[in-house]
Amino acid sequence: MDKLIISGGPRLSGEIRISGAKNAALPILAATLLAEGPVKVGNIPHLHDITVTMELLGRMGVSLVVDEHMNIEVDCSTIREFFAPYELVRTMRASILVLGPMLSHFGRATVSLPGGCAIGSRPVDQHIEGLVKMGAEIETDGGYIHARAKRLKGVRLVLDLVTVTGTENLMMAATLAEGTTIIENAAREPEVVDLATCLNAMGASIFGAGTDTITIEGVRRLNGASYDVLPDRIESGTFLVAAALTGGRVKLKDALPGTMDAVLQKLREAGAEVTVGEDWIALDMHGRRPVAVNVKTSPYPAFPTDMQAQFTALNVISDGTAVISETVFENRFMHVHELRRMGASIRLEGNTAITSGVPVLKAAPVMATDLRASASLVLAGLVAEGETVVDRIYHIDRGYESIEEKLTKLGAEIRRVPS
Ligand code: UD1
């Protein structure tokens, strides 16, 4: 298992390119299961979660062709098995995204229940209830969801809570249903909009994605298409925080600032000068120490839970005290214990972390059990005195493309070593 070794100190400066969004690429790859012809997906990030998705589709018998630029052409006409095994689903919860498309297109699907994960219990009841309301017969047995349906029926669905992959699964299933489906209390995340745009390019009829009411008029078939995934707003936010906490500056190319209002506003509050163009974002801290900022996570367009750990790292070296409230997941503060080992002053009260900024952190061996928590430890390492060793970085490889190469390009001293 690889480790990252970071020598803290250098002020980051430079320009990097932002990769395609993991959380859009995963549902879009699942959506290829709905098409009658090949679907070509571009701007796919080179990530472990993408490899898992390709393995999942490949094991079902789906044909995949990848070129040197990570454009993936998927043809599901060769599918043989309608099955997502536990051994893959347990490594990547987003595998549940194959359930809706597989059931809707082929009338059957057996998908492992994802089970708990490091950041909470994360049930999939909303996915299952929605499909049942659309006429699916679903049994859960032996840790698996066994689903069958003739043609799903359009219905009005009111989700109990805002769920991103739940909205995506039901939206995908509804594209081939008979009649109109309305999803109320839908997730408004940009990745949901990207998926809807891709599905519409395949011939679906979806309106209202990006609002809390999505209407899907079912069609008989979807076609092949060619689609490029939108830029990753969480990767973008992570590199902006990296520059901010080192007092440095960075320009992100191929980014989408319009999807990041809440994060950019918090960075400005922290004292950063942030400028944006249509597809770029520049941040300059002018060598200043950041000011601590209060953060409360909520579904889009509010502050994303996937940026909470990175802002915790920012706050622990900022000037002042701040309150971070996590309202989306029940157990998403594992990074707090590791940051404390680096000298951070953080008090935990339930789902709230109260940080008191210290001027400097001290390097320590650290590790984390989820993707964004691991990223926050890398960020802390950039400003810690000494050599920080971040272990179990396979979590980082799930969601960040070449993180050490991009940070090195910005002047960080970071290297990967095999354990
Ligand atoms: C997605 C993102 C993840 C992000 C999260 C919240 C992907 C692949 N992953 O995860 O990076 O952190 O959104 O923005 O896009 N819930 C239920 N029942 C359900 C579904 C969800 O109770 O059927 C709960 C969850 O436990 C959680 C909350 O709803 O507390 C939100 O979860 P959800 O939006 O579903 O997260 P994911 O789609 O898994």
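The values are calculated or read from the model by the stated rules, or taken from the named source; none is laboratory data. Only a predicted model underlies this, so the values are computations on that prediction, with no experimental measurement involved. Neighbour counts run over all protein chains shown; Cβ positions are idealised from the backbone, glycine included.
Results for (1) within 14 Å of the ligand (Cβ to nearest atom); (2) within 23 Å of ARG289 (Cα to Cα); (3) touching a His at 6+ places or on another chain (Cβ under 6 Å); (4) assigned to a helix (DSSP H, G or I), shown as yes or no for each residue.
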| position | (1), (2), (3), (4) |
| --- | --- |
| ASP306 | yes, no, no, yes |
| GLN310 | yes, yes, no, yes |
| ASN315 | no, yes, no, yes |
| ALA322 | no, yes, no, no |
| ARG332 | yes, no, no, no |
| HIS337 | no, no, no, yes |
| ARG347 | no, yes, no, no |
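A single entry from ALA243, ALA209, ALA174 fulfils the requirement of being in contact with a strand residue (DSSP E or B) (Cβ under 8 Å, 6 or more places away or on another chain), among the small types (Gly, Ala, Ser) and closer than 28 Å to GLY135 by Cα: ALA174.
Determine if region 30-41 includes at least one residue that is in contact (Cβ under 8 Å) with a residue 12 or more places away in the chain, within 16 Å of the ligand (Cβ to nearest atom), over 21 Å from ALA109 (Cα atoms) and not acidic (Asp, Glu). The answer is yes, given that some residue of region 30-41 is in contact (Cβ under 8 Å) with a residue 12 or more places away in the chain, within 16 Å of the ligand (Cβ to nearest atom), over 21 Å from ALA109 (Cα atoms) and not acidic (Asp, Glu).
Residue-by-condition table, conditions (1) outside any helix (DSSP H, G or I); (2) of a type outside the set (Ser, Thr, Tyr); (3) more than 13 Å from the ligand (Cβ to nearest atom):
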{"residue": "MET102", "(1), (2), (3)": "no, yes, yes"}
{"residue": "PRO123", "(1), (2), (3)": "yes, yes, no"}
{"residue": "VAL132", "(1), (2), (3)": "no, yes, no"}
{"residue": "GLU139", "(1), (2), (3)": "yes, yes, yes"}
{"residue": "ALA147", "(1), (2), (3)": "yes, yes, yes"}
{"residue": "VAL162", "(1), (2), (3)": "yes, yes, no"}
{"residue": "ASN169", "(1), (2), (3)": "no, yes, no"}
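Determine whether region 367-383 contains at least one residue that is farther than 20 Å from LEU240 by Cα, without any contact (Cβ under 8 Å) to a residue 40 or more places away in the chain and more than 16 Å from the ligand (Cβ to nearest atom). Yes; the residues of region 367-383 include at least one that is farther than 20 Å from LEU240 by Cα, without any contact (Cβ under 8 Å) to a residue 40 or more places away in the chain and more than 16 Å from the ligand (Cβ to nearest atom).
With respect to GLU68, determine if the residue is of a type outside the set (A, V, I, L, M, F, W, C), surrounded by fewer than 22 Cβ atoms within 10 Å (Cβ to Cβ) and modelled with pLDDT of 95 or more. The answer is no for GLU68.
Each residue in region 59-88 was checked for being of a type outside the set (D, E, K, R), over 19 Å from MET172 (Cα atoms) and either within 23 Å of the chain's Cα centre (by Cα) or within 16 Å of the ligand (Cβ to nearest atom) (or both), and 9 of them qualify. Considering region 184-201, the residues that are more than 18 Å from ASN23 (Cβ to Cβ) and either within 16 Å of the ligand (Cβ to nearest atom) or buried (at least 24 other Cβ atoms within 10 Å of the Cβ) (or both) include one that is farthest from the chain's Cα centre (by Cα), namely GLU184. Restricting to region 190-213, name every residue that is touching a Lys or Arg at 6+ places or on another chain (Cβ under 9 Å) and either more than 21 Å from LEU256 (Cα to Cα) or not aliphatic (A, V, I, L, M) (or both). Of everything in region 190-213, those that are touching a Lys or Arg at 6+ places or on another chain (Cβ under 9 Å) and either more than 21 Å from LEU256 (Cα to Cα) or not aliphatic (A, V, I, L, M) (or both) turn out to be PRO190, GLU191, GLY203, GLY210, THR211, ASP212. The listed residues are GLY248, GLY224, GLY271, and the only one of them that is over 30 Å from GLY130 (Cβ atoms), among the small types (Gly, Ala, Ser), touching a strand residue (DSSP E or B) at 6+ places or on another chain (Cβ under 6 Å) and surrounded by fewer than 21 Cβ atoms within 10 Å (Cβ to Cβ) turns out to be GLY271.
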